[in-house]
1. Quick one: of Lys245/Lys288; Lys245/Lys312; Lys82/Lys104, which pairs are farther than 27 Å apart, Cα to Cα?
2. Can you check what the net charge comes to around Ser285, using other residues whose Cβ is under 10 Å from the Cβ of Ser285 (Lys, Arg +1; Asp, Glu -1)?
3. With the calculation restricted to Cα positions, what are the radius of gyration and Dmax of the range 106-341 in angstrom?
4. Please get the size of the charge dipole for the range 59-215, origin at its Cα centre, with Cβ charges of +1 on Lys and Arg and -1 on Asp and Glu, quoted in debye to the nearest 20.
5. Gap in Å between the Cα centre of the range 279-301 and the Cα centre of the range 310-360?
6. If you take the C-alpha gyration tensor of the range 64-207, multiply each eigenvalue by 5 and take the square root, what semi-axes do you get, largest first, in whole Å?
7. Quickly estimate the mean residue ellipticity at 222 nm for the chain, helices only: each DSSP H run with n ≥ 4 gives -39500 (n - 2.57), and the total goes over all residues, rounded to 500.
8. Quick one: putting +1 on the C-beta of Lys and Arg, -1 on the C-beta of Asp and Glu, what dipole do you get for the chain around its Cα centre, in Debye to the nearest 20?
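The numbers here are math on the coordinates, done by the rules we state, and not lab data. Values in this document were obtained by computation on a predicted structure and should not be read as measured data. Note: ideal-geometry Cβ built from the backbone for every residue, glycine included; neighbour counts use all protein chains shown.
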Amino acid sequence: MERRLGVLSRHLGSHSPPMASGNPSEMLFPSPTAGFHGDSVFANLVQAPEDPILGVTVAYNKDPSPVKVNLGVGAYRTEEGKPLVLNVVRQAEQLLVNDRSRVKEYLPITGLADFNKLSSKLIFGSDSPAIRENRVTTVQCLSGTGSLRVGAEFLAKHYHQRVIYIPHPTWGNHPKVFTLAGLSVKTYRYYDPATRGLNFQGLLEDLGSAPSGAIVLLHACAHNPTGVDPTIEQWEQIRQLMRSKALLPFFDSAYQGFASGSLDADAQPVRLFVADGGELLAAQSYAKNMGLYGERVGALSIVCKSADVAAKVESQLKLVIRPMYSNPPIHGASIVATILKDSELYREWTIELKAMADRIISMRHQLFDALRARGTPGDWTHIIKQIGMFTFTGLNTQQVAFMTQEYHIYMTSDGRISMAGLSSRTVPHLADAIHAAVTRIN
Ligand code: PLA
């Protein structure tokens with residue numbers, strides 16, 4: 001044994017420190033904590049908390065109760081409470097499987113070219129002058145989150161302003177994505193808890209006093225978590241203010257089609273900003289509107305002033321992407337491209353999308369009616385006024401904790417509920433829980 005360790009230590013050669021005692025085993029394990037005899041080198045880590053949104057699903061999965069309901073993460077469920085794979089997605093997958101010419105080669109760093117072209121048309125409009133003039137660069141990224149992150153990394157590296165203004169409140173992952181990319185995060189007023197509506201005056205004041213050139217994160221539609229969107233007239237005022245101060249818009253479009261049921265109507269705010277010829281970024285996700293959550297399909301587009309600049313921007317985006325994940329996955333983007341380029345599949349998609357949006361709207365009415373029927377104290381009209389996947393109920397942390405403990409209803413602690421997770425069967429149970437929470441807990 002002694003001899004073998006000696007051989008091994010000689011083999012390790014010149015990098016080894018000189019022997020202190022002449023005992024070869026001491027040389028191999030110079031400190032009692034290093035190597036496999038001591039504690040883990042990670043022993044001093046603290047246990048991190050679960051994610052505020054995805055952690056709700058972790059807790060839900062552990063609960064054995066048969067009446068449990070998960071209204072945490074924004075994931076669409078059918079009336080039967082089941083995840084939904086769109087029929088049109090199944091058809092596209094079948095076409096892809098049947099096509100023997102398809103291979104599994106790497107995609108380019110920027111992703112599937114067809115997918116990129118079709119994605120930019122989806123958000124900016126097929127007749128968009130910016131696309132026609134080749135002023136848009138679009139790169140396929142890992143869903144909405146990945147698109148935001150690539151955009152943020154690019155800005156941190158190449159844009160003169162490092163400050164990004166995000167709405168208060170906003171999706172919980174926004175500040176983390178932008179901070180870790182190297183941007184400094186500030187907030188602008190967005191929601192007024194008193195009216196449960198938009199704090200438009202506060203928004204204008206805060207963007208009005210932002211430094212010139214600052215980046216501003218805007219939810220393209222169906223603001224998460226509040227479900228409160230500006231009207232198109234308010235968007236126009238926001239646009240004028242932002243352009244007058246050279247603020248750079250960064251749109252997060254995670255719910256196109258989910259707000260109104262119409263892909264074009266939901267893209268109106270973004271198109272308003274493109275129409276003035278100015279520059280902007282847009283992150284798109286197909287998680288919700290095509291139900292491709294786990295396929296991680298999304299796109300980052302940067303609209304530039306000229307084709308020449310757009311080409312340079314794209315070349316730099318490649319340098320951001322290559323060391324992060326090299327190039328994006330092929331399957332999900334192929335599904336999206338198959339659907340977007342076939343007029344019949346596209347038409348079927350819009351019908352299925354509208355059906356999802358309509359079911360959510362119907363859940364809003366059912367929940368509102370159920371609370372009215374119970375005489376639950378408070379004004380609950382915001383449930384039917386808010387837009388998109390979520391209702392920002394106004395329930396406080398204690399009330400949420402009570403509902404989880406007593407009724408096995410899982411939701412984020414800020415009182416946000418995913419309306420897409422509700423069904424006619426679970427509405428009465430939720431209404432009972434809300435009624436009990438607001439009458440018993442202040
Ligand atoms: N942007 C907003 C505003 C979002 O709400 C979400 C997802 C994303 C981006 C990212 O989506 P993607 O990366 O899956 O495309 N928000 C969810 C899920 C639905 C989550 O938190 O990851 C939510 O429950 O808020």
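1. Check vs 27 Å cut-off fails for Lys245/Lys288; Lys82/Lys104.
2. +1
3. Calculated on Cα positions, Rg and Dmax stand at 16.5, 52 Å.
4. With only Lys, Arg, Asp and Glu charged at Cβ, the dipole is about 300 debye.
5. 6 Å
6. Taking √(5λ) for each eigenvalue gives 32, 28, 17 Å, largest first.
7. Numbers: 18 runs with 201 residues, N = 442.
Rounded to the nearest 500, it is -14000 deg cm²/dmol.
8. 580 debye
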